[in-house]
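The values are calculated or read from the model by the stated rules, or taken from the named source; none is laboratory data. Bear in mind the structure is a predicted one, so any value in this text is a computation, not a measurement. A quick note on method: Cβ atoms are made from the backbone with ideal geometry, for glycine too, and the neighbour counts reach across all protein chains shown. With ligands, DNA and RNA removed, areas are computed over all heavy atoms of the protein, side chains included. Shrake-Rupley method; radii C 1.70, N 1.55, O 1.52, S 1.80 Å.
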Amino acid sequence: DAKTTQPPSMDCAEGRAANLPCNHSTISGNEYVYWYRQIHSQGPQYIIHGLKNNETNEMASLIITEDRKSSTLILPHATLRDTAVYYCIVRARNNAGNMLTFGGGTRLMVKP
Amino acid sequence: NAGVTQTPKFQVLKTGQSMTLQCAQDMNHNSMYWYRQDPGMGLRLIYYSASEGTTDKGEVPNGYNVSRLNKREFSLRLESAAPSQTSVYFCASRPPGQGNYGYTFGSGTRLTVV
């Protein structure tokens, strides 16, 4: 799996967009970018994933740079309930196997 | 649909005691996992079971054993608890074919070893 680098913490004002960056400069062609989050005292929750095109779902948008060396998770209108640790994970889709690896993640604090 | 259920939610053990953490999923998933999370850290894989009848070591298996009792249940046993095993334990499951986005996690078991 490619190594990822995320800032340890970020703040965001409630109602504003939260933009969480992730660097993955060693990503290879068959590796996807996955985002999970972990709200305090709960298990991780899947958010979104993508290969090279930008993706959007009901929770967030994922912007991947053209060279795929970095990406940004966007929460368009952050709420207090979005306060969590956000994990960026890079893995090959066919490496579905048996170890989803979580690094330190970014602790997002949404403030009123 | 309960998803992944872990019991107990909280437990305090004395050093040397044994206990089993239970995990059950009702989504007919093939693969199941046990992770631990120490304060301020990411999750680390202890053991996993790719399918009923198989188990394999993860990143930090020492001090633990597992049993895949059937397709639904995957238990984690501490034979002789140590303070270093104080952690939050998460069970997860994943169906075939959904790759790395199909994981469902339980709400965790908070274990303190004194």
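The stretch B:1-47 and the stretch A:1-49 have their alpha-carbon centroids 23 Å apart.
In summary, the lysines within cross-link reach of residue A:3, defined as a Cα separation below 26 angstrom excluding same-chain residues under 8 places away, comprise A:52, A:69, B:57. Once all protein chains are placed together, residue B:52 keeps about 110 Å² accessible to a 1.4 angstrom probe.
Per-residue mean of foreign Cβ neighbours for A:39-46 is 6 (Cβ atoms of other chains, 10 Å radius).
Kirkwood Rh over alpha-carbon pairs of chain B, then Stokes-Einstein at 25 °C and 0.890 mPa s: what D in µm² s⁻¹, rounded to an integer? Translational diffusion coefficient: 176 µm²/s.
Applying 1/(1 + (r/R0)^6) with r as the Cβ-Cβ distance of residue B:27 and residue B:54 and R0 = 22 angstrom yields a FRET efficiency of 0.75. Each of the peptides A:51-57, B:85-91, B:25-31 was scored by the mean count of other Cβ atoms within 10 Å over its residues; in descending order, highest first, they stand as B:85-91, B:25-31, A:51-57. Can you give the local net charge around residue B:111? Use residues other than it whose beta-carbon is closer than 13 angstrom to its beta-carbon, Lys and Arg +1, Asp and Glu -1. Every neighbour counted, the sum reads +4. Expressed as a whole percent, the proportion of Cα-Cα pairs in chain A lying more than 25 Å apart is 15%.
For the stretch A:17-112, the relative contact order works out to 32 percent when only alpha carbon pairs closer than 8 Å and six or more residues apart are counted.
Which of these, A:36, A:46, A:87, has the largest mean-square fluctuation under a Gaussian network model of chain A (Cα springs below 10 Å)? Of A:36, A:46, A:87, the most mobile in the Gaussian network model is A:46.
Computed from phi, the 3J(HN,Hα) profile of the stretch A:64-76 under the Karplus parametrisation 6.51, -1.76, 1.60 (θ = phi - 60°) reads 10, 5, 4, 7, 6, 7, 8, 8, 9, 8, 10, 9, x Hz, with x in place of Gly and Pro. Other protein chain C-beta atoms within 10 Å of residue C-beta, averaged over B:33-41: 2. Using θ = phi - 60° in the Karplus curve 6.51 cos²θ - 1.76 cosθ + 1.60, the 3J(HN,Hα) couplings for the stretch B:53-59 round to x, 10, 9, 9, 6, x, 6 Hz; x is entered for Gly and Pro.
Interface size, chains A and B: roughly 1700 Å² of accessible area buried, both sides included, 1.4 Å probe, rounded to the nearest 100.
Amide H to amide H, with H built 1.01 Å from N, residue A:102 comes under 5 Å of B:43, counting only residues 5 or more places away or on other chains. By the Cβ distance rule (another cysteine Cβ under 4.7 Å), the unpaired cysteines of chain A are A:12. When only Cα pairs below 8 angstrom with a gap of at least 6 residues are kept, chain B shows a relative contact order of 36 percent.
Derived scalar couplings between HN and Hα for the stretch B:66-71 equal 9, 9, 9, 5, 6, 5 Hz in order, rounded to whole Hz, by the Karplus curve 6.51 cos²θ - 1.76 cosθ + 1.60 (θ = phi - 60°), x for Gly and Pro. Summarising the label geometry, the points placed 7 Å from Cα in the beta-carbon direction at residue A:63 and residue A:45 lie 2.4 nm from one another. For the segment B:100-112, counting C-beta atoms of other chains within 10 Å of every residue's C-beta and taking the mean gives 5.
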